Amino acid sequence: MAALSPRHAAFGLALRTLRLQQGLSQEALGELAGLSGNYVGDTERGERNISLRILWGLADGLGLPASEILGMAEMNLGDQLAR
């Protein structure tokens with residue numbers, strides 16, 4: 001399945017980057033966020049349109065403010081549009 005939109009893909013890339021920086025697997029982040037590893041993977045591929053509840057759960061699982069994930073996603077989106 002393809003990403004839902006460039007914004008979803010940019011968010012997924014940000015989530016994957018932050019997760020890997022912390023040395024977490026998709027399953028480990030899912031456990032910390034109350035999600036399945038498959039859900040995290042779908043989100044990282046831009047295949048999920050997540051809710052605020054999920055965003056905050058992912059942020060809590062990463063120990064970061066949600067704004068950090070969104071800020072990185074916006075930078076990724078800018079990079080994609082500049083190509």
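Sub-7 Å Cβ pairs linking a first residue in region 1-25 that is buried (at least 20 other Cβ atoms within 10 Å of the Cβ) to a second residue that is acidic (Asp, Glu), at least 6 apart or interchain, are Gly12/Glu44; Leu15/Glu44, ordered by first then second residue.
Scanning region 34-83 for residues that are in a helix (DSSP H, G or I), surrounded by 18 or more Cβ atoms within 10 Å (Cβ to Cβ) and basic (Lys, Arg) returns no hits.
Pairs only if they're at least six apart or on different chains, beta carbon under 8 angstrom, first in region 37-59 and more than 19 Å from Glu74 (Cβ to Cβ) and at pLDDT 95 or above, second assigned to a loop (DSSP other than H, G, I, E, B) and charged (D, E, K, R); list them, first residue then second. Every condition considered, the pairs that remain are Tyr39/Arg48; Asp42/Arg48.
The values are calculated or read from the model by the stated rules, or taken from the named source; none is laboratory data. Keep in mind it's a predicted model, so treat the numbers as computed, not measured. Note that we place each Cβ from the backbone using ideal geometry, even for glycine, and neighbour counts take in every protein chain shown.
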